[in-house]
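Student: Got a structure here, written out as C-alpha cells. Questions coming.
Just so you know, all these numbers are worked out from the coordinates, no wet-lab data involved. Nothing here was measured: the structure is a model prediction, and the numbers come from that model. Because the Cβ atoms are built from the backbone with ideal geometry, glycine has one as well, and the counts that use them run over all protein chains shown.
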Amino acid sequence: MSAQESWYEEKQSAWLYRVVIDVEPDVLKQRMFTELAEAAEGQSLVWEKQIVQAGLVTPEFVPSARARIVAFLLRNMGPRALRPVLAAMKVRGVSVYSAPPLAHGHVMPTSVSEVGGRHMGVASGGNLRAAVFGINDGLVSNTSLIMGMAGAMADAKVVMLTGTAGLLAGAFSMAAGEFVSVRSQRELYEYQIGLERDELLEYPEEEAEELALIYNARGMPMDQARQIAQELIRDPEHALNTLAREELGMNPDDLGSPWGAAMASFSAFAVGGVLPLLPFLFGAGTQAVLGAAILGAISLFAVGATLSLFTGRAAWWSGLRMLLIGGGAGAVTYLVGGWLGVSLV
C-alpha cells in the first residue's frame, strides 16, 4: 500500500472514530475511541511526511461513499451491531463489543502468555454446530420436498429422482455459500493483518498504545495494560495475532479453509438429505412414504436433541420442538402436493 493510501486509511479511520464517539453512550468506550482517533490522526501525519518527502501533494480528505454509508448505519443501528463492518473499515477496538467487561466477570489477561487464551478451542465447537445445522437443513428441506411429491401421488421413481435432485442442488448451494463466506472472511483478515503488519513496522509504539487503550476500556488499569502491550510488541508475530483479536475483533483460529468448509457443508447437508430417501430404495407406495415420514421424524428429534448441547435447554424439549417444526413443514408440503396432484391432473 502506498503512503497516500495509508494516509487516507488513517484519516478515514479517525473520521469514523468520531462518528462512533457521537453514538457511544459509555464514557469509558468514548475515551478509548477518542484516543484512538487522536492516534489515527498522529499516524496519518507520519504518512503525510513521507508523501511530502516524495515530492507529492497531500490531497484534501473527503470520506468515501462507503464510509458515509457506514456512518449512517452507525447513527441508526449503533456500533455493536456493526462490529464486522467497522473492522473492515479499519476501526480498531471493536472487540470491546464482543467481550464482556471486567465488572461482569470477564477475567482480563495479567501476562503475555494469557493474551488470546480465551479464544482457543472455539473453532471446533463452531464446526460441530455448523455440521449439526447442515444435517438439519438437508433433513427438513429434502423431507418436505419428498413429502410434497408423495402427496401428489408421484411414482416412486419420480420421488427418488426429485429427492436426489433436491439433495444435490441443496448440497451444492450450501457448499458454494460456505465457500464464499469463508473466503470473504479470510480475505478480510489477510487485508487487515497486512495493514497491521505495515503499521507495526512503521510505528510500533503507537500500536502498543492502541492495544493498551482497548484493555483499559475493558477494565484493566492503564499502567498494567501498557506493560502487557509493550511486552507483546516485542514479538511481532504474537503481536500481530493479538492485534487481530483485540483491535479487529477477529479470531484467526476461527478462519478455516474455504474448500474444507465447502466440503463439510456439502457432506452435512447430503447426510440429512439422504435419510428420507432411504425407504424409497427398498419400497414404494404408502409403505415408502410412511417409512420416510417415520425416519424423518426420528432424525428430526435426534437433531433437535443434539442442538440442546449448544442451547442449554432440555434435550427432550429441543428434540420435540424440532420434530414439530420439521414435521409441520413436511405435513404442509404433503397436503399441498396432494392438492396440486388432484388439481393438475
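Student: How would you rank 59-65, 71-77, 84-90, highest first, on the average number of other Cβ atoms within 10 Å across their residues?
Tutor: 84-90, 71-77, 59-65
Student: Continuing with the same structure: Would you mind putting 14-23, 234-243, 186-195 in packing order, based on average other-beta-carbon counts within 10 Å, highest first?
Tutor: 14-23, 234-243, 186-195
Student: Could you work out the relative contact order of the range 1-64? I mean the mean sequence separation of Cα pairs under 8 Å and 6+ apart, divided by the number of residues, in percent.
Tutor: Averaging sequence separation for qualifying contacts and normalising by length gives 46 percent for the range 1-64.
Student: While we're here: How high is the FRET efficiency from Ile298 to Leu340, r the C-beta distance, R0 30 Å, rounded to 0.05?
Tutor: For R0 = 30 Å, the calculated efficiency reads 0.60.
Student: Further, regarding this structure: Distance between the C-alpha centers of the range 135-162 and the range 188-212? Whole Å please.
Tutor: Answer, in whole Å: 53.
Student: Using a Förster distance of 41 Å, how high is the FRET efficiency between Ser257 and Arg68, based on the Cβ-Cβ distance and rounded to 0.05?
Tutor: Plugging the Cβ-Cβ distance into 1/(1 + (r/R0)^6) gives 0.70.
Student: Straight-line reach from Lys90: which lysines have Cα under 25 Å away, leaving out those fewer than 8 places along the same chain?
Tutor: Lys11, Lys29, Lys49
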